[in-house]
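Please read the structure below before turning to the comments.
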Amino acid sequence: MKELTIAMPKGRIFEEAVVMLKQAGYKLPPEFDDSRKLIIEVPEENLRFILAKPMDVPTYVEHGVADLGIAGKDVMLEEERDVYELLDLHISHCYLAVAGLPNTTMNEVAPRIATKYPNVASSYFREQGEQVEIIKLNGSIEIAPIIGLTDRIVDIVSTGQTLKDNGLVEYERIVDITSRLIVNPVSYRIQHERIQEMVDRLGQVISVKPVK
Ligand code: PRP
């Protein structure tokens, strides 16, 4: 039987996802706790893990080099890849919000928005009927309004600490985010039984927490 390959997001989601897989009864080796390896084979479980940048997880799954993946809804909305979402894992709760310096209004002519999520931000402001210029940054988005690069940011808020520590306030909440189990459509057809077994096992350990 061919092994299943799962693309895991390095960083914040990783630890929670590993805990969940372990709770679901998958025996994962110590490399999961402390390693810089990018591919981890777990022959005992007939599984193979690819440790990816979170934004790249749906890309690996769409191209079929990973059968399954764990990806934040933020990444799914931004990337719009041709994959199926099988489960809301209810981990890594956060939300996307518009934030900026307190007591400021957006520039009336071509307000500027900094974000790691250009597609989500463009469609949000389009729906609001506002014309904005999106400036794509790759991290530390909160800097942008402080140094006068943009009027607002669109970014992830989890605890709210980063906004607070940088003197920014939230203006609008765009969408709540949790992590999802995603699958390549062809893998889902061909390896249906094994994948469904994983869905069932993970489904049993999901704990739905109230949204903050
Ligand atoms: C994310 C996000 C915010 C922060 C929010 O950044 O972009 O900056 O976390 O979390 P908080 O509300 O709990 O403070 P991340 O740490 O992933 O790094 P980045 O700035 O490189 O995107």
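Within the chain, the proportion of C-alpha pairs whose separation exceeds 23 Å stands at 50%.
Mind giving me the FRET efficiency for Leu38 and Leu101? R0 is 45 Å, r the Cβ-Cβ distance, nearest 0.05 is fine. Once rounded, the FRET efficiency stands at 0.70. In the context of the full set of protein chains, the range 94-176 has a per residue accessible area of 55 Å² (1.4 Å probe). DSSP beta bridges confined to the chain are antiparallel in about 60 percent of cases. For the range 94-176, with all protein chains in place and a probe radius of 1.4 Å, 46% of the accessible heavy-atom surface sits on carbon or sulfur. Defining a contact as two alpha carbons under 8 Å apart and six or more residues distant in sequence, what relative contact order in percent does the range 94-176 show? 51 percent.
Magnitude of the charge dipole for the range 92-206, about its Cα centre and with charges confined to Cβ atoms of Lys, Arg (+1) and Asp, Glu (-1), is about 340 debye.
Among the listed pairs Lys10/Lys164; Lys22/Lys73; Lys27/Lys116, those whose Cα-Cα separation exceeds 31 Å are Lys27/Lys116. I'd like the distance between the alpha-carbon centres of the range 151-196 and the range 24-77, rounded to an integer number of Å. So the separation of the two Cα centres works out to 17 Å. Distance between the pseudo-spin-label points of Glu45 and Glu16 (7 Å out from Cα toward the beta carbon): 1.8 nm.
Highest mobility in the GNM of the chain, judged by mean-square fluctuation with C-alpha springs under 10 Å and restricted to Val19, Val154, Val120, is found for Val19.
Work through the residues other than Asp155 whose Cβ is under 13 Å from its Cβ and net out their charges, Lys, Arg +1 and Asp, Glu -1. Residues close to Asp155 contribute a combined charge of -1. Summing charges over all other residues whose Cβ lies under 10 Å from the Cβ of Gly25, with Lys and Arg as +1 and Asp and Glu as -1, gives +2.
Computed over the range 72-212, relative contact order equals 41 percent, with contacts defined as Cα pairs under 8 Å that lie 6+ residues apart. Per residue, the chain reaches -8000 deg cm²/dmol at 222 nm when only DSSP H runs of four or more residues are counted, each adding -39500 (n - 2.57). For the pair Glu127 and Asp165, the difference between a 0.36 nm per residue extended length and the Cα-Cα distance amounts to 10.6 nm. Protein heavy-atom surface of the range 1-53, 1.4 angstrom probe: 53% of the accessible area is carbon and sulfur, with nucleic acids and ligands not counted.
If you count only protein heavy atoms with a 1.4 Å probe, what accessible area per residue comes out for the range 1-82, rounded to a whole Å²?
53 Å²
Multiplying each eigenvalue of the alpha-carbon gyration tensor of the range 108-168 by 5 and taking the square root yields semi-axes of 19, 13, 10 Å, largest first, rounded to whole angstroms.
The values are calculated or read from the model by the stated rules, or taken from the named source; none is laboratory data. What you see is a predicted model; the values in this text were computed from it and never measured. Heads up, the Cβs are rebuilt from the backbone with ideal geometry, glycines too, and the neighbour counts pull from every protein chain shown. To get the accessible areas, we keep the full protein, side chains included, count just its heavy atoms, and leave off ligands, DNA and RNA. Shrake-Rupley method; radii C 1.70, N 1.55, O 1.52, S 1.80 Å.
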